[in-house]
Each structure stands twice: as structure tokens, then as C-alpha cells.
Amino acid sequence: MTAPAPNSRIAVVTGASSGIGAATARQLATAGYRVVLTARRKDRIEALAEELNAAGHQAAAYALDVTDRAAVDEFATAFKTIGVLVNNAGGALGADPVATGDPADWRQMYETNVIGTLNVTQALLPALTASGDGTVVVLSSTAGHGTYEGGAGYVAAKHGAHVLAETLRLEIVGTPVRVIEIAPGMVRTDEFALTRFGGDEEKAAKVYEGVAEPLTADDVADTIAWAVTRPSHVNIDLMVVRPRAQASNTKVHREL
């Protein structure tokens, strides 16, 4: 990996309390960034910051709900320049068909995956630009590029995140800020499927049933760190990452 430029060494990671966000924070810290960990669960990000600092890295924790615009704006005042923003906060709720889907779940997914990303990106874009070499990462999903039955609410939200990244790239071309989208497929983390199914461990386990090697949080974090550490003139517009066993959102090889 290329070492971060001296004026671009701060990396903000949202949703850093677990899964891909925590793994990304670890990898960016290892790459030489001073990482700022944000999430709603203060105890978790503080523990991660302590872990990273004890390992000789530089990390700070800041409890933040990305859907709270006033809180996001206040957070942004702490920075004059930022090198990297990783918009990781998001998630899925439910797997009901359109006919019976819960509008509250749809609204919450949109607020977190799209409006949350918008809030943080808008608030930190001046600091990213001021760095002279900024990078915005939007963690979308293969759900944002192809639909599947029972996934419409999440698909709609992640499509929104994809379109946000694509449009922002068009709008700020010519400025010293790159826009990178990472779209993972099936990733097995401790919480994603469990949260989606309201804590139902049986339903969560079925998502990965028979799949020998789903992606891990570290796999996705590795692609994020690689994309972020490319030379400044190189932009990874979109990277779709799936496990070998998954050919599409609806085509998965399972050994049952």
C-alpha cells in the first residue's frame, strides 16, 4: 500500500463499532492513517480506539448518529482537513415482499444508508477538499446494482447510496477529491443478518447455509484500504466484491 500523504492522514470511518467498519478502521490505521471512529455505540468504538492506540496507531472515538444532522455538523467543526471519509454506516431490516413490507423499516434503511451518507459527506466535503487530496468512500452493496425478492427496501436504499456516489463524482470532478464506491456481495459478519431478522438466529444462519466461504469483514476492508491507497490520480469508481460461491444476488452455490 502507498503511505498516505502528510496532509491527508486523517480517515473518518462511520459505523466503526463492528463488522466492516471496525475492520476498515484497523486496516487504515495499519496503513498509517489517524483514524476517527464514529458510531452510536460509544463503548465499542472507545474499546477499538484503545486497541489501536495500544498497538502504536493513532485513533480517536466519537459517538455519532449519522442521521442526526445537527450532531454531524457539530462533529465536522473539529476538522480543518480530512484525507478520507468512509461512509460505512448502514444496514438492512427485514426481508418482506413489497406487498407486506413495513414502511418504518424502509424509512429507517433510507435514513441510515442514504441520508446518513449525505449528512456526513456534505458536512465533511469542505475539509476533504481543503486537504488537497481527499477521498470519499461509499460502501453500497450488490443490492444497489440488482434486485431480489424480499429485498426491495434494502435494494432501494443501497441504490440510493450508489446514485449518490455516482452523482457526486460527476459534480465535483476537477476538485482534489475522489469518490469511490465499494459494493460487497455476501459478507458474513457477526451482526448484519442478525439485525436484519430482528435477532432471529435461525433465520440469520440460513442466509449463509451451505456457503463454504462467504466474504469476511476483513475481505471488504482490504478492498477499501487498497482503493484508498492508490496514487492520487487513480480513482476506483466502483468495485463489486463477491465470494466465489456467489454469481449474483440470486445465484449462490450451496453445499447442503
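The values are calculated or read from the model by the stated rules, or taken from the named source; none is laboratory data. Source: prediction; values computed, not measured. When we count neighbours, we look across all protein chains shown, and the Cβ atoms used for this are built from the backbone with ideal geometry, even at glycine. Protein only, heavy atoms only, side chains kept; ligands, DNA and RNA dropped before computing areas. Shrake-Rupley method; radii C 1.70, N 1.55, O 1.52, S 1.80 Å.
I'd like the full set of residues that are open to solvent by less than 80 Å² (accessible area, probe 1.4 Å) and either in a loop (DSSP other than H, G, I, E, B) or in contact with a Pro (Cβ under 9 Å, 6 or more places away or on another chain) (or both), limited to segment 38-62.
Matches in segment 38-62: Ala55, Gly56, His57.
Would you check which residues across segment 233-256 are of a type in the set (A, V, I, L, M, F, W, C) and either within 30 Å of Gly32 (Cα to Cα) or surrounded by 15 or more Cβ atoms within 10 Å (Cβ to Cβ) (or both) and list them?
Start the filter on segment 233-256 by keeping residues that are of a type in the set (A, V, I, L, M, F, W, C), which leaves 234, 236, 238-241, 245, 247, 252, 256.
Within segment 233-256, Val234, Ile236, Leu238, Met239, Val240, Val241, Ala245, Val252 meet the criteria.
Starting from residues that are aliphatic (A, V, I, L, M) and assigned to a loop (DSSP other than H, G, I, E, B), keep the ones in segment 204-250 and report whichever is nearest to His162 (Cα to Cα).
Of segment 204-250, the ones aliphatic (A, V, I, L, M) are 204-205, 207, 211-212, 215, 217, 220-221, 224-225, 227-228, 234, 236, 238-241, 245, 247.
Okay, now just the ones that are also assigned to a loop (DSSP other than H, G, I, E, B), so 211-212, 234, 236, 245, 247.
Numbers: Val211: 27, Ala212: 29, Val234: 19, Ile236: 14, Ala245: 24, Ala247: 20 Å.
Ranking the candidates gives Ile236 first.
Kindly indicate the residue of segment 184-232 that is among the hydroxyl-bearing types (Ser, Thr, Tyr) and over 18 Å from the mean Cα position of the chain (by Cα) and also most open to solvent (accessible area, probe 1.4 Å) among those meeting that condition.
Per the stated criteria, the residue is Ser232.
Select, from Gly132, Gly146, the only residue that is closer than 28 Å to Ala78 by Cβ and open to solvent by 10 Å² or more (accessible area, probe 1.4 Å). Steps first, answer last, please.
Values: Gly146 fails: closer than 28 Å to Ala78 by Cβ.
The unique qualifying residue is Gly132.
Just the residues that are over 18 Å from Leu139 (Cβ atoms) and either open to solvent by less than 30 Å² (accessible area, probe 1.4 Å) or not β-branched (Val, Ile, Thr) (or both), please, taken from segment 14-37.
Gly32, Arg34
Show the residue pairs meeting these rules: Cβ distance below 6 Å; 6+ apart or different chains; first residue within segment 240-256 and over 17 Å from Thr189 (Cβ atoms); second residue open to solvent by 40 Å² or more (accessible area, probe 1.4 Å).
Final answer for the pair search is Asn249/Tyr148; Thr250/Tyr148.
Taking the stated definitions as given, is Gly174 on the phi > 0 side of the Ramachandran plot, without any contact (Cβ under 8 Å) to a residue 24 or more places away in the chain and open to solvent by 70 Å² or more (accessible area, probe 1.4 Å)?
yes
Looking only at segment 20-37, which residues are within 14 Å of Asn87 (Cβ to Cβ) and assigned to a helix (DSSP H, G or I)?
Correct list: Ile20, Gly21, Thr24, Ala25, Leu28.
Please state which one of Asp73, Asp96, Asp65 is open to solvent by 20 Å² or more (accessible area, probe 1.4 Å), part of a helix (DSSP H, G or I) and either out of contact with any helix residue (DSSP H, G or I) (no Cβ under 6 Å at 6 or more places or on another chain) or of a type outside the set (Ser, Thr, Tyr) (or both). Can you show your working first?
Working: Asp96 fails: part of a helix (DSSP H, G or I); Asp65 fails: part of a helix (DSSP H, G or I).
Residue meeting the stated conditions: Asp73.
Against the definition (touching a residue at least 12 places away in the same chain (Cβ under 8 Å) and more than 18 Å from the chain's Cα centre (by Cα)), how does Thr81 come out, yes or no?
So Thr81 fits the description; yes.
Of (1) under 30 Å from Asp102 (Cα atoms); (2) free of Cβ contacts under 8 Å to residues at least 40 places away in the same chain; (3) outside any loop (DSSP other than H, G, I, E, B), Gly199 satisfies all except one. Which?
(3)
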